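Read through the structure below, which is laid out as structure tokens, and then see the notes.
Values quoted throughout were computed directly from the atomic coordinates according to the rules given, and no laboratory measurement underlies them. Note that this is a predicted model, so its numbers are computed, not measured. Neighbour counts are summed over all protein chains in view; Cβ atoms, including those assigned to glycine, are modelled from backbone coordinates with ideal geometry.
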């Protein structure tokens, strides 16, 4: 408890920032959503100072995850606009690389969204809309690729999106576990994960060509 109080949550002067950081840290380490009383104890404030905004610990965790998902969407959007707009496969790849970047900077959020046993984002409309919007963008890009002849005309785009998302989650998990460090020509874990992502998408597109 003492270590949590003196490190990450105290780095932000804003009470709600500290509370959200503590919520993420506690959920990630304990495997369950903490109560407001636990969070207040960790950041050393009266529980009443948090109550007016958040009615329970789950609300605080949802707010923290929503903030991180807005960062994910912004990161992916910025990555896509940097790529040739006439190359949907390259844009699709850019999303995958941006996702890995986000996971490397938001490990607790990644783990909580990937493991729905503690909080299933699919049951929280505020969170699901971000994940769904990203999935919709990926689907549109692959449909454009199919229209351009980059994929087989009868290719199951929804299945490809699901496969790519599953691959990205797996690659991010390996990255955060440190199991990709130095695996590819001594590259860092993040660089290795990005190379894997590029290779996966290129092979996926190549194998789907008519």
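Structure values in brief
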| quantity | calculated |
| --- | --- |
| Nearest-0.05 FRET efficiency for residue 29 and residue 158, computed from C-beta distance (R0 25 Å) | 0.10 |
| The chain, helix-only ellipticity at 222 nm - DSSP H runs n ≥ 4, -39,500 (n - 2.57), divided by all residues, nearest 500 | -22500 deg cm²/dmol |
| The chain, relative contact order [Cα under 8 Å, separation at least 6], % | 17 percent |
| Cα convex hull volume per residue for region 121-201 (Å³) | 106 Å³ |
| Region 36-104: C-alpha pair distances exceeding 16 Å, % | 60 percent |
| Gyration tensor verdict on the chain (Cα atoms; rounded if a/c is under 1.5, prolate if a/b is larger than b/c, oblate otherwise) | prolate |
| Segment residue 15-residue 132, length gained on full extension (0.36 nm per residue, minus Cα span) | 39.1 nm |
| Residue 143 paired with residue 202, simple spin-label distance in nm, labels 7 Å along Cα-to-beta-carbon | 2.8 nm |
| Computed FRET value (nearest 0.05) for residue 124 with residue 83, which takes r as the C-beta separation and R₀ as 25 Å | 0.20 |
| Cα→Cβ-extended label distance, 7 Å offset, between residue 51 and residue 70, nm | 2.7 nm |
| FRET efficiency for residue 169 and residue 41, using Cβ-Cβ distance with R0 set to 30 Å, rounded to 0.05 | 0.35 |
